[in-house]
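What follows is a set of notes on a single structure, which appears directly below.
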Amino acid sequence: MKTAKDLRDFDSLFQLLDYFTTEEKCEQHLAVIRWNGEPTCAYCESTKVSKLGGKTNRYKCYGCKKQFGVKVGTIFHDSKVSLRKWFVAIYLITTNKKGISSHQLARHIQVTQKSAWFILQRVREVYNDKPEVFTSTVEIDETFIGGANANRHESKKVKGGHGGAKHTPVLGIIERGGKVYALPVANRKAKTIIPIMVDQVAEGATVYTDEFKSYASLNNRYEHDFVCHRAKEYVSGNVHTNGIENFWSHLSRTIFGTYHHVTPKYLGRYVNEQAFRHNNRDLSEGSKFDVALANGVNVRISHKQLTNG
């Protein structure tokens, strides 16, 4: 049985390109990542399949009688861009700490800006990987994305802490020393954000927040304590939200430094992208690439889904 090339020691784009010299090699690697030597029909999931002759990596299913290739049912489905260019794109998106714009990506892989934008959106879709429930010490906070008040506490420029029409609230939950879960929310009301916290944080965990009133009911379920930012209190012993605020800082630099402007319609994907970087920060460059690739074989997203946000 063929095994996937061990990419853990790959630490540069040159090494990636030096190995994936042909489209066939890319398809072979993708097949192992997807099926691990046991091809499954992309349409009916039957394992009664056989590889067709020739160099092509296509298969025939004896269940539904359809033919399929390794890209069917993945983010690469129906794409006219070669897998080799896709691999370069995934590597660049995954390993650049501040992301890469569609204009930059278009230049690197020699496609149109429009094609690069769709590639970026498809890759961001595979970053939508919700962490397991947090059980230890977590920090919870919100930020606003959009306009000059982005990434500010309510004590600063966003009056009343509610933002404006152009500001989208984003809720973040981070486990100290672990992963982060963040997502745009409709508003910061308790009835909106508390169910998200309950779903992501195990009962009895230690939860640190600021003094925002929507967090008051957390005392009923968690060991909850807070710092008062309005009183310029940011650290009180172990009580602080520095971890999640550091994540907001990275998110802000990525969005405003690389992408410059993100509409609320697509904001969730950009938040997922930064969360993926944080959650896989300890992996090698090659391992990050393979994690993204493995996620991508389980996601098919259409042009309509991409543009509808």
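The values are calculated or read from the model by the stated rules, or taken from the named source; none is laboratory data. On a predicted model such as this, the values are computed, not experimentally measured, just so you know. Cβ: placed from backbone, ideal geometry, glycine included. Neighbour counts: every protein chain shown.
Of Asn219, Asn242, Asn238, Asn246, all but one fail to be exposed (fewer than 13 other Cβ atoms within 10 Å of the Cβ) and out of contact with any Ser or Thr (no Cβ under 9 Å at 6 or more places or on another chain); the exception is Asn219.
Scanning region 18-32 for residues that are part of a helix (DSSP H, G or I) and either of a type outside the set (Lys, Arg) or within 14 Å of Lys51 (Cα to Cα) (or both) turns up Asp18, Tyr19, Glu23, Glu24, Cys26, Glu27, Gln28, His29, Leu30, Ala31, Val32. Just give me the residues in region 222-235 being assigned to a loop (DSSP other than H, G, I, E, B) and surrounded by fewer than 14 Cβ atoms within 10 Å (Cβ to Cβ), in sequence order. Matches in region 222-235: Cys228, Lys232. Evaluation of Ser50 against the conditions (1) buried (at least 19 other Cβ atoms within 10 Å of the Cβ); (2) part of a strand (DSSP E or B) shows that the sole unmet condition is (1). Evaluated against (1) part of a helix (DSSP H, G or I); (2) in contact with a strand residue (DSSP E or B) (Cβ under 9 Å, 6 or more places away or on another chain), Pro264 falls short on exactly one condition, (1). The residue pairs whose first member lies in region 178-201 and is within 11 Å of Glu142 (Cβ to Cβ), whose second member is in a helix (DSSP H, G or I) and of a type in the set (A, V, I, L, M), and whose beta carbons are closer than 7 Å, counting only pairs six or more residues apart or on different chains, are Ala182/Val271; Ala182/Ala275; Leu183/Val271; Pro184/Leu267; Pro184/Val271; Val185/Ile193.
I'd like to check something: does region 273-286 contain any residue that is buried (at least 18 other Cβ atoms within 10 Å of the Cβ) and more than 15 Å from the chain's Cα centre (by Cα)? Yes, region 273-286 has at least one match. For region 159-193, the set of residues classified as buried (at least 21 other Cβ atoms within 10 Å of the Cβ) and either part of a loop (DSSP other than H, G, I, E, B) or modelled with pLDDT under 95 (or both) consists of Gly163, Thr168, listed by residue number.
Taking the conditions exactly as written (modelled with pLDDT under 95, surrounded by 14 or more Cβ atoms within 10 Å (Cβ to Cβ) and either under 21 Å from the mean Cα position of the chain (by Cα) or assigned to a helix (DSSP H, G or I) (or both)), does Asp141 satisfy them or not? Criteria not met by Asp141.
Is it true that Gln305 is polar (S, T, N, Q) and in contact with a Ser or Thr (Cβ under 9 Å, 6 or more places away or on another chain)?
Numbers: polar (S, T, N, Q): yes; in contact with a Ser or Thr (Cβ under 9 Å, 6 or more places away or on another chain): no.
No: the conditions fail for Gln305.
Being of a type in the set (Lys, Arg) and crowded, with 20+ Cβ neighbours inside 10 Å is true for just one of Arg84, Arg107, Arg124. Which residue is that? Unique residue meeting the criteria: Arg124.
Residues considered: Gly73, Gly37. Of these, the only one that is assigned to a loop (DSSP other than H, G, I, E, B) and exposed (fewer than 14 other Cβ atoms within 10 Å of the Cβ) is Gly37. A count restricted to region 251-295 and to residues that are modelled with pLDDT under 90 and either hydrophobic (A, V, I, L, M, F, W, C) or in contact with a Cys (Cβ under 9 Å, 6 or more places away or on another chain) (or both) stands at 2. Taking the conditions exactly as written (of a type in the set (Val, Ile, Thr), modelled with pLDDT of 90 or more and exposed (fewer than 14 other Cβ atoms within 10 Å of the Cβ)), does Thr22 satisfy them or not? Answer is yes for this residue.
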